[in-house]
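Q: This is the structure I have questions about; it appears just below.
The values are calculated or read from the model by the stated rules, or taken from the named source; none is laboratory data. Remember, predicted model here, so these are calculated numbers, not experimental data. Cβ: placed from backbone, ideal geometry, glycine included. Neighbour counts: every protein chain shown. We work out accessible area using only protein heavy atoms, side chains counted, and drop any ligands, DNA or RNA first. Shrake-Rupley method; radii C 1.70, N 1.55, O 1.52, S 1.80 Å.
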Amino acid sequence: MRAICLASAALLGAGALTSCVPADAAIRTDFVFGVEPSTVAPGGEVTVRVERNRACRGKAAVNSPVFDMVTIAPHESWATAVVDWDAKPGAVYNVEFECDRSSGRAFLTIADDRPTYHPTHHPGHHKAHHPHKGVHAGEGGTVAGFDLKEIGLGAALIAGSLGVAYHFSRRRADEDAG
């Protein structure tokens, strides 16, 4: 009988822990990726990047509802994409990265205003810009983007489920003893 109580408590605890995991945590990401800039106006251009490692040696596919699919060749680490003009200002779109057997997700925010023409270079300065450093990708493994309310709710659910499991196991033990 005690084994049933312990198994029930273990299952209740595991259920509470898995209910606190965000849905996108199941995506396996073994490589670094990103979208720059992370906020862009409709019709703007973004650079999508992957950092090559053991998990991402082949062709990388980058897909989003807000731009056409982009392929990054195996010997490259970045490519550009043009955001659709009809992208909804203020919306946040998923950008899916797939390379070999790994995948990941970044987010692209559409700015509220339309782009205006601002020259990005000064006359006489025609230095080509080629990215050469690693990418500053996402929030994976950091504290950024955590909501304290969600953390508190998750902690309360875990503590509550453990308390209930302890209570029932002690109650059952007292009934068996007495």
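Q: GLY34: open to solvent by less than 30 Å² (accessible area, probe 1.4 Å), part of a strand (DSSP E or B) and either of a type outside the set (Val, Ile, Thr) or touching a helix residue (DSSP H, G or I) at 6+ places or on another chain (Cβ under 7 Å) (or both), yes or no?
A: Judged against the criteria, GLY34 is a match.
Q: Let me ask something else about it. Looking only at residues that are outside any strand (DSSP E or B) and of a type in the set (Asp, Glu) in segment 69-96, which one is farthest from LEU108 (Cα to Cα)?
A: The residue in question is GLU76.
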